[in-house]
Amino acid sequence: MIATPVRVGLVGCGAVSQLYYAPALKELERLGLIRVSALFDPNAASVTQLQQIFSQANIVRDISAFSRDAVDLAIVASPPKFHAVQTIQLLNAGLSVLCEKPMANTVAEAEAMIAAVDQAEGVLAIGLFRRFLPATQAIRQVLSLGVLGEVQSFECYEGDFFRWPVQSPNYFKRSTAQGGVLLDIGVHLLDLLLWWFGNPIDIQYEDDAMGGVDVNCILQCQFAGFTGTVRLSRDCSLSNRYVIRGSKGWLNWTVNGADNVQIGFTNSHFALDTKIYYGVQQSGLPILAQPAFNFEQSFISQIGNVIAAMHGQESLLVPASEGIRSLRWIEHCYHHRTLMAMPWFSPAEANRAQQLSLSCE
Amino acid sequence: MLKIAMLGANGFIGSRAVEMMHLGDMAEVRPIVRHLSSLARLSRFDLDCRVADGFDQTAISTAVQGCDVVVHAIAGDRKTILGTLAPVYAAAQQAGVRRLIYLSSASVHGQAPAPGTDETSPLSDRQAIAYNNTKVQAERAIRQLRQRGDVELVILRPGIVLGPRSYWVTSFAEALLQQQAYLVNRGQGICNSVYVDNLIHAIYLAATNAQADQQTFIIGDREQVTWADVYRPIVTAFDIDLEQIPEMTYTYTSPSLEERIESVLASKASLGFLSLFPNHWRQAARSAMSTLLHPASTTEEWRMPESIQTTPAVTLEMALLQQCQYKLPHTKAEQLLGYCPIVPFAEASRRSIAWLKFAGFPVISSHENQLRSVQNNLSKPVYSSKRLEEKLI
């Protein structure tokens, strides 16, 4: 049982904080689990917006003001290039940290974060929140129980015309963003694949960066005994489905669907459209209890997991040691990247594209 | 090198123009978009992108500073089409831009223009399709701005612009997947197509040709093609036979009795009148009306399921387009600009299909295609979204 509310400081008050963390923290405040005590963002307008929601929170000019006296848990939701330096500073100050994805811009930075948490009193969780969706947890169980038989292949298509309300053009610049769609969406997707399937043997990677960042990319992933394709885009409207095929059947998950998966079986006319509930035993019989969390509740439960871990009541679902795994593969991809085929280019354009692509390495 | 500012650079034509001009070293291109998020598609390149709203003269003026030419490729609703003209023209003048190229549309001549139509034909803004009228009015407005201003003006009237990300390619592909594709007149109407690269080639010529000021040009592909010619490569790529696409006709349908009664009941006047009566009277009246409009079937549970066949909704625009019997000439562009389409229609189709595959559509490979083509001659496949779904799963 958590007696006093955890004091939460928010580092970065941009789009992700306004759209996701603010309503989640507001609900946790209502439940008496937390109290937002400090806000930091160099952009005054962004801080002001959040202060309207958390009027009791102090606006601080520097994150050095995030001390144990005022804050227990810091949520780092700043641009990724600041994640490592801010997280390390906060851990060294004795705070626990929930760091938004991607954990860092480079593996070296992420390793420094892990070294810092190893020496720190607090915990470090990474905001790969899709692991908190009941559907992704159910898929992990379906796979580990062998419901689909031996996994044979998978296809993950995720992308749409980009609509995220970014607040700076730096989000799209190679020099500041370090990556594009792979680092942004791919980090979620690769995290799930690693969580479900374990480490791949190899990944072949192509993207369309021609002096800038990747807007489209494709990954051919080799796991022990099966292969899979990942296609990501900030440009095209893709099917936004993950399909896993096994020797006994198939599974379909619609991206960000919190409580629903479809499962079909080999040689069967029927397929199941499942809605996920909590299951309990009543009078010796299994029954459905309450519906599993929706998307927003799952996001809240991510913060709940960090609070419980701070009190030694739960293990972190995504500790830093897990957060770095997808980052390692992303770095591998960027180091071994080749240019995607774009067959609508003229031969001259294709040559020039190849030259510009090489400048991205 | 020529400096071109591209307004609407994240759109279908704008983004390909940026790509083609940058990769082809045709010009130093500066993409300009309305929202920060619209930079996403362009961020593959390291370019001097700007964010400015087409309604904001000051912002556009700053964004186009130092450019020789501005291309107005802003798409949108009537308000956007008409409302961005004056600010953009004034901004170009303020920034010392030499020439503005306005992307109009061949639809100013209607979807099925009369034989003999060319750039000299009179335009009407009382056509059945609202978009046509807006574009006619936009042309008139921007010509008037040219009369009073110093920035040179070239108006281009492309036909049906095809290519990667084209609405005409993507919407037909999606309609195929949803079993909503159709043909009118068996697709034998003429499609006044222009592959996007050909249009961009024309934009470049319009930007550089000294004689082009105050001229208007129809821009099209070299070949005369039908809608069936446009659609056939797409249906083949999806392993479907064009013959199995249903033939439809456009019919104007007035609202049904049910729709009309519900519309009257939902009107503000009705709601006000009904509020004079007690609530239980109103509920009883609504219940009686509902029973009348939706009689309950007592045998519903005993009815076997039937495959759901939804009839494609034919739009007036598509019906007119597919009945077109005239290829708009681009003779004037040939003679004055030296325009010569750089991509033949067959290659244009190949590139559009290649993009569909790139964008995740279930395109079968050309090798598969050949094999299936042989098989199709032996046994005609059934046009079924289930088969496409199977390919996806």
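Every read-out reported here was derived from the displayed coordinates using simple, explicitly stated rules and does not represent laboratory data. Given the structure is predicted, the values throughout are model-derived calculations rather than measurements. No Cβ is skipped: glycine too gets one built from the backbone with ideal geometry, and neighbour counts run over all protein chains shown.
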Within segment B:29-68, list the trypsin sites (Lys or Arg not before Pro) lying in a DSSP loop whose Cβ has at most 10 other Cβ atoms in a 10 Å radius. none
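Can you list, largest first and rounded to whole Å, the semi-axes you get for segment A:173-331 by taking the square root of 5 times each eigenvalue of its Cα gyration tensor?
Values: eigenvalues 193, 108, 47 Å².
Sorted largest first and rounded, they come to 31, 23, 15 Å.
When the convex hull of the Cα atoms of segment A:277-355 is projected onto a plane and the area is averaged over all directions, what value comes out in nm²?
Details: hull surface 43.2 nm².
Mean shadow area of the hull around the Cα atoms is 10.8 nm².
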For chain A, what does the relative contact order come out to in percent, with C-alpha contacts under 8 Å and a separation of six or more? 17 percent
Proxy exposure order for B:Met289, B:Met21, A:Met103, B:Met248 (fewest C-beta within 10 Å first) is B:Met289, B:Met248, B:Met21, A:Met103
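Output the pairs from A:Lys173/B:Lys79; B:Lys327/B:Lys357; A:Lys101/A:Lys275; A:Lys81/A:Lys173 with a Cα-Cα distance over 21 Å in this structure; if there are none, say none.
Values: A:Lys173/B:Lys79 32 Å; B:Lys327/B:Lys357 30 Å; A:Lys101/A:Lys275 28 Å; A:Lys81/A:Lys173 12 Å.
Table pairs above 21 Å Cα-Cα are A:Lys173/B:Lys79; B:Lys327/B:Lys357; A:Lys101/A:Lys275.
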Please work out the FRET efficiency for the pair B:Val51 and B:Glu223, using the Cβ-Cβ distance as r and a Förster radius of 45 Å; give the result to the nearest 0.05. 0.70
Could you give the dipole magnitude of segment A:158-277 about its Cα centre, charging the beta-carbon of Lys and Arg +1 and that of Asp and Glu -1, in debye to the nearest 20? 200 debye
Can you give me the C-alpha center-to-center distance between segment A:238-309 and segment B:49-89, rounded to a whole angstrom? 48 Å
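How big is the convex hull of the Cα atoms of segment A:4-108, per residue, in Å³? Provide the component values of the computation, followed by the final result.
Numbers: hull volume 9.5 nm³, N = 105.
Normalising the Cα hull of segment A:4-108 by residue number yields 90 Å³.
In square nanometres, what is the average projected area of the Cα convex hull of segment A:35-86? Before the final figure, lay out the partial values.
Numbers: hull surface 14.7 nm².
With every direction weighted equally, the projected area is 3.7 nm².
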Segment A:1-47 and segment B:129-144 have their Cα centres apart by a whole-number Å value of 51 Å
Sort all Cα-Cα distances of segment A:99-241 into consecutive 5 angstrom bins from zero, then give the percent of pairs in each bin up to the one containing the longest distance. 2, 8, 15, 20, 20, 16, 11, 6, 2, 0
Provide the three semi-axes, in whole Å and in decreasing order, of the ellipsoid equivalent to segment B:118-157 as defined by the square roots of 5 times the Cα gyration tensor eigenvalues. 21, 11, 8
Within segment A:206-243, DSSP-loop trypsin sites (Lys or Arg not before Pro) with at most 13 other C-beta atoms within 10 Å are none
Taking other Cβ within 10 Å of each residue's Cβ, how do A:Val280, A:Val60 sort, fewest first? A:Val280, A:Val60
Size of the protein assembly as shown along its principal axes in angstrom, Cα-based, largest extent first? 83, 73, 70
Around B:Gln188, with a cut-off of 15 angstrom between Cβ atoms, what is the net charge of the other residues, counting Lys and Arg +1 and Asp and Glu -1? 0
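With all pairs of different alpha carbon atoms counted, what Kirkwood hydrodynamic radius in Å does segment B:1-72 show? Could the numbers behind the result be given before it?
Details: mean 1/r = 0.0847 Å⁻¹.
That comes to 11.8 Å for segment B:1-72.
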Taking segment A:244-319, the whole-percent share of alpha-carbon pairs separated by over 16 angstrom is 67 percent
Once you list every other residue whose beta carbon is under 11 Å from the beta carbon of A:Arg352, what net charge do they have if Lys and Arg are +1 and Asp and Glu are -1? -3
What per residue convex hull volume, in Å³, do the alpha-carbon atoms of segment B:60-117 yield? 91 Å³
Let me know the Rg and Dmax you get for segment A:63-169 when you use only its Cα atoms, in Å. 17.8, 54
With an 8 Å Cα cut-off and a minimum separation of 6 or more residues, compute the relative contact order for segment B:63-131 in percent. 36 percent
Bins of 5 Å from zero: percent of alpha-carbon pairs in segment A:110-191: 3, 9, 13, 17, 17, 15, 14, 8, 3, 0
For segment B:170-176, in residue order, the Karplus 3J(HN,Hα) values (coefficients 6.51, -1.76, 1.60; θ = phi - 60°; whole Hz; Gly and Pro = x) are 5, 5, 5, 4, 5, 4, 4
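If you build the convex hull over the alpha carbons only and average its shadow over all orientations, what do you get for chain A? Give it in nm² to one decimal.
Working: hull surface 82.0 nm².
If I average the Cα hull's projected area over directions, I get 20.5 nm².
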Of all DSSP beta bridges having both residues in chain A, the percent classed as antiparallel (nearest 5) is 60 percent
Separation of segment A:130-144 and segment B:222-250 by C-alpha centroid, Å? 43 Å
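With both partners inside the protein assembly as shown, how many of the DSSP beta bridges are antiparallel, as a percent to the nearest 5? Don't skip to the end; give the middle numbers.
Working: 43 of 102 bridges.
Restricted to the protein assembly as shown, the bridges split so that about 40 percent are antiparallel.
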I'd like the FRET efficiency for B:Trp302 and A:Asp160, computed as 1/(1 + (r/R0)^6) with the beta carbon distance as r and R0 of 60 Å, rounded to 0.05. 0.90
